[in-house]
Amino acid sequence: MIENLTPHQSWALMQANPDAVLIDVRTKVEHDFVGHPLNAVHIPWKEAPDWQLNPEFIAQVKRAVKDSSVPVLLLCRSGARSLAAAEALQQAGFKHLVNILDGFEGDVDKHKHRGNLGGWRFSQLPWEQS
């Protein structure tokens with residue numbers, strides 16, 4: 001099952017389920033320079049510059065998440081890559097998957113800037129930059 005939850009709903013789920021795992025599926029550049037949620041496991045779904053799928057994604061998640069029944073929350077920039085990653089994990093047998101709506105940066109505002117309309121960072125949830 002894949003749930004679509006807001007950043008605040010996702011945070012509440014993680015607080016209620018200490019075994020839950022948050023996976024940041026963005027690229028290394030996004031993760032390091034834009035910022036990332038505290039304690040998130042970084043496993044890119046695709047990587048720049050050619051945006052090829054990470055052929056080791058499922059195997060890397062299985063190494064990070066030993067129990068496929070615990071909640072696995074997925075986050076990207078805005079919620080699209082994380083949904084694709086969740087669908088792949090569902091096919092691989094993971095049971096409780098969460099796509100975090102609006103991702104880390106949220107949608108583009110009227111000035112074409114991210115970070116002002118939704119997302120993990122905008123919601124003032126714990127995050128850091130490398």
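The values are calculated or read from the model by the stated rules, or taken from the named source; none is laboratory data. Predicted model only: the values in this text are computed from it and were never measured. Because the Cβ atoms are built from the backbone with ideal geometry, glycine has one as well, and the counts that use them run over all protein chains shown.
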One residue is enough: does region 56-68 have a residue meeting the conditions polar (S, T, N, Q) and in contact with a Leu (Cβ under 6 Å, 6 or more places away or on another chain)? no
Are there any pairs with C-beta distances below 8 angstrom linking a residue in region 102-115 that is of a type in the set (Val, Ile, Thr) to a residue that is surrounded by 13 or more Cβ atoms within 10 Å (Cβ to Cβ), with the two at least 6 apart or on different chains, and if so which? 108/114; 108/117
Qualifying residues in region 43-53 (those that are in a loop (DSSP other than H, G, I, E, B) and not hydrophobic (A, V, I, L, M, F, W, C)) - the one surrounded by the most Cβ atoms within 10 Å (Cβ to Cβ): 44
Among (1) loosely packed, with under 15 Cβ neighbours inside 10 Å; (2) at pLDDT 95 or above, the one test that residue 71 misses: (1)
Some residue of region 59-69 being aliphatic (A, V, I, L, M), part of a helix (DSSP H, G or I), over 18 Å from residue 105 (Cβ atoms) and within 15 Å of the chain's Cα centre (by Cα): yes
Specify the residue that is surrounded by the fewest Cβ atoms within 10 Å (Cβ to Cβ); the eligible residues are those in region 106-120 that are closer than 20 Å to residue 45 by Cα and in contact with a Phe, Trp or Tyr (Cβ under 8 Å, 6 or more places away or on another chain). 106
Under 6 Å by Cβ, and 6 or more places apart or on different chains, what pairs join a residue from region 22-47 that is in contact (Cβ under 8 Å) with a residue 12 or more places away in the chain with one that is hydroxyl-bearing (Ser, Thr, Tyr) and surrounded by 23 or more Cβ atoms within 10 Å (Cβ to Cβ)? 25/82
From the list 56, 30, 87, which one is surrounded by fewer than 18 Cβ atoms within 10 Å (Cβ to Cβ) and in contact with a strand residue (DSSP E or B) (Cβ under 9 Å, 6 or more places away or on another chain)? 87
